[in-house]
Amino acid sequence: MLNKLTWPIPAVPILVAMVGIGLTACKILPTPSAENGGNAPAFNADKMVGDIWAAKVVPYLQQKAGPFPEVHALAKADPAAAGAKYGNPKKQANSPWTFAVRLEGKVVAANTQSRAATMDVDADGDGKADARVQIGPAMRGTALRDSLDFIQFNDFTNQIDFAQFGKAFNTYADKTVLSKLPRETLEGRSVRVVGAYAVGSGQDLPLVTPAEAEIGPKP
């Protein structure tokens, strides 16, 4: 008598069926956000800057800033020493030094026709410009953010939020300080600024972004 052959029952269809049942029971839920009613608050760079400006940013810069001629001379001779004294020692390793400065002098040239308005300031009395001050409304760079040792990249979710936060400093400075400055006949006027500038900003002159600024009367 021939033995009856018994073939094993394939397990694959059963496995496929089980997987199918599992997938049918799953639901893909969207990540909670402020837009869809979730609990995660929306990122608001402008509000964040406004919340710390008077309480932390301005007092920090007032305390940290050195006279511009002194800071700039040391920065050219020994950037690391200048950074330790007037910069942010907690900066990212590959980022340039950013220095907090107190700049006083006279305006020797001004460009107020552009949205990226600036004024060139003579800080040592020789009649030549030593620094260029941004007076907005459009401003380059993130010097104000980068000069603060209590602001760290790792505190932010991603690079986009960190970049928006940096731009928000410029926006707030323009709204609260720079938009109130005179724009006509600036040459010859005295100026006082507390702010920051970064090494190697691509300008012929150090490009200072103010957190505080005063312009004197016409001579």
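The values are calculated or read from the model by the stated rules, or taken from the named source; none is laboratory data. This one's a predicted model, so the numbers in the text were calculated from it and none came from an experiment. Cβ atoms come from the backbone with ideal geometry, glycine included; neighbour counts cover every protein chain shown.
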Residue under evaluation residue 124, criteria (1) more than 23 Å from the chain's Cα centre (by Cα); (2) not in a loop (DSSP other than H, G, I, E, B); (3) not basic (Lys, Arg), criterion not met
(2)
Being touching a residue at least 24 places away in the same chain (Cβ under 8 Å), surrounded by 13 or more Cβ atoms within 10 Å (Cβ to Cβ) and closer than 14 Å to residue 149 by Cα is the filter here; which residues of segment 77-94 pass it?
87, 88, 91
I'm told residue 209 meets every condition in (1) of a type in the set (Ser, Thr, Tyr); (2) farther than 30 Å from residue 42 by Cβ; (3) surrounded by 21 or more Cβ atoms within 10 Å (Cβ to Cβ) except one. Can you identify the failing condition by its number?
(2)
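Which one of 175, 90, 106, 167 is outside any strand (DSSP E or B), more than 19 Å from residue 62 (Cα to Cα) and out of contact with any helix residue (DSSP H, G or I) (no Cβ under 8 Å at 6 or more places or on another chain)? Reasoning before the result, please.
Details: 90 fails: more than 19 Å from residue 62 (Cα to Cα); 106 fails: outside any strand (DSSP E or B); 167 fails: out of contact with any helix residue (DSSP H, G or I) (no Cβ under 8 Å at 6 or more places or on another chain).
Answer to the check: 175.
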Among the numbered criteria (1) part of a helix (DSSP H, G or I); (2) within 21 Å of the chain's Cα centre (by Cα); (3) not basic (Lys, Arg), which one does residue 69 miss?
(2)
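Is it the case that residue 136 is in a strand (DSSP E or B), surrounded by 17 or more Cβ atoms within 10 Å (Cβ to Cβ) and of a type in the set (Gly, Ala, Ser)? Steps first, please.
Numbers: in a strand (DSSP E or B): yes; surrounded by 17 or more Cβ atoms within 10 Å (Cβ to Cβ): yes; of a type in the set (Gly, Ala, Ser): yes.
So residue 136 passes the test.
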Where residues in segment 144-193 are among the aromatic types (Phe, Trp, Tyr) and more than 17 Å from residue 213 (Cα to Cα), which of them is surrounded by the most Cβ atoms within 10 Å (Cβ to Cβ)?
165
Residue 74 fails exactly one of the following numbered conditions: (1) within 21 Å of the chain's Cα centre (by Cα); (2) touching a residue at least 12 places away in the same chain (Cβ under 8 Å). What is the number of that condition?
(1)
Look at residue 200 and say whether it is in a strand (DSSP E or B) and either in contact with a Pro (Cβ under 6 Å, 6 or more places away or on another chain) or modelled with pLDDT under 95 (or both).
no
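Residue 141 - would you say it is part of a strand (DSSP E or B), touching a strand residue (DSSP E or B) at 6+ places or on another chain (Cβ under 8 Å), small (Gly, Ala, Ser) and at positive phi?
Details: part of a strand (DSSP E or B): no; touching a strand residue (DSSP E or B) at 6+ places or on another chain (Cβ under 8 Å): yes; small (Gly, Ala, Ser): yes; at positive phi: yes.
No, not satisfied.
Which one of 68, 99, 43 is more than 16 Å from residue 194 (Cα to Cα), among the aromatic types (Phe, Trp, Tyr) and either surrounded by 15 or more Cβ atoms within 10 Å (Cβ to Cβ) or at pLDDT below 95 (or both)? Lay out the reasoning, then the answer.
Values: 68 fails: more than 16 Å from residue 194 (Cα to Cα); 99 fails: more than 16 Å from residue 194 (Cα to Cα).
43 is the lone residue from the list that is more than 16 Å from residue 194 (Cα to Cα), among the aromatic types (Phe, Trp, Tyr) and either surrounded by 15 or more Cβ atoms within 10 Å (Cβ to Cβ) or at pLDDT below 95 (or both).
May I ask you to say which residue of 148, 186 is out of contact with any His (no Cβ under 6 Å at 6 or more places or on another chain), at pLDDT 95 or above and either in a helix (DSSP H, G or I) or farther than 20 Å from residue 54 by Cα (or both)? Explain how you work it out, then say what you get.
Values: 148 fails: either in a helix (DSSP H, G or I) or farther than 20 Å from residue 54 by Cα (or both).
Step by step, each of 148, 186 is checked, and only 186 is out of contact with any His (no Cβ under 6 Å at 6 or more places or on another chain), at pLDDT 95 or above and either in a helix (DSSP H, G or I) or farther than 20 Å from residue 54 by Cα (or both).
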